[in-house]
Amino acid sequence: MCYICGKSGNRIAHSWDCRYVKLIPEKNRKYYDYRRTANEAGYGYCKYCSYVMEYVRKEKKALDDYCQATGLTYSFNRLDGSLDIKSQSDEWKIIERGKDHTLRLYHKNQLDLEEESIIPGYHYQKIQKGTVLGYLDYIVKHDIFRERNPIGQGRRRSRHYNPAARRMMIEARKKSDKMSKIRMIQKQRRKENRYGIQIPA
């Protein structure tokens, strides 16, 4: 069930448990049985009750550190409820699907693909990750692979191959992996301290 603020100029749809629903007077609400129906009526997604943004909030610090290290950018798309990601060479979307709200990755078409897709102009990337950070890491690896293996040239190295750019991406990924390990150690130490476990020096 979606709650809609009928008099709102921004035309945003909210899920029933969104914290902003209680701020909407009953007389200004409209009800839709399905999110899709609300979207077809011209209402966009609320970033506060979006499941994609819930994943983002859980990983915010790690995502920002990773993007700073690798040059990726991300933003919430209110129109389709996706997380738009831009790398140095490609555009991607992460959406949530299914009853368990799993994340799926879509890649902007570089060729004239005729396959049907729920996101026009994008095709489904057949991989499964449990976190947004996992997908970002895949995107960086994908860019490195495509830099070395351009579409239409098989496994031959392109004459436009830029080894300096590839080294920069690899070093950025190593830096991000190191930061992730440090955060994991710090988290484990906080957990051990909370339960009174003595940590050896």
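Taking segment 133-150 only, how many residues are part of a loop (DSSP other than H, G, I, E, B) and closer than 16 Å to Gln68 by Cα?
0
What number goes with the only condition from (1) assigned to a helix (DSSP H, G or I); (2) surrounded by fewer than 13 Cβ atoms within 10 Å (Cβ to Cβ); (3) in contact with a Cys (Cβ under 8 Å, 6 or more places away or on another chain) that Ala38 does not pass?
Ala38 satisfies all of (1) assigned to a helix (DSSP H, G or I); (2) surrounded by fewer than 13 Cβ atoms within 10 Å (Cβ to Cβ); (3) in contact with a Cys (Cβ under 8 Å, 6 or more places away or on another chain) except (2).
Would you tally the residues in segment 142-169 being surrounded by 13 or more Cβ atoms within 10 Å (Cβ to Cβ) and at pLDDT 70 or above?
Counting residues in segment 142-169 that are surrounded by 13 or more Cβ atoms within 10 Å (Cβ to Cβ) and at pLDDT 70 or above gives 8.
Just a yes or no: is a residue in segment 8-26 among the acidic types (Asp, Glu) and part of a loop (DSSP other than H, G, I, E, B)?
Yes; the residues of segment 8-26 include at least one that is among the acidic types (Asp, Glu) and part of a loop (DSSP other than H, G, I, E, B).
Let me confirm something: among Ser82, Ser75, Ser89, which residue is of a type outside the set (D, E, K, R), within 30 Å of Lys174 (Cβ to Cβ) and free of Cβ contacts under 8 Å to residues at least 12 places away in the same chain?
Among Ser82, Ser75, Ser89, only Ser75 is of a type outside the set (D, E, K, R), within 30 Å of Lys174 (Cβ to Cβ) and free of Cβ contacts under 8 Å to residues at least 12 places away in the same chain.
The values are calculated or read from the model by the stated rules, or taken from the named source; none is laboratory data. Since we're looking at a predicted model, the values are computed, not measured. Positions of Cβ are generated from backbone atoms using ideal geometry, with glycine treated the same way; all protein chains shown enter the neighbour counts.
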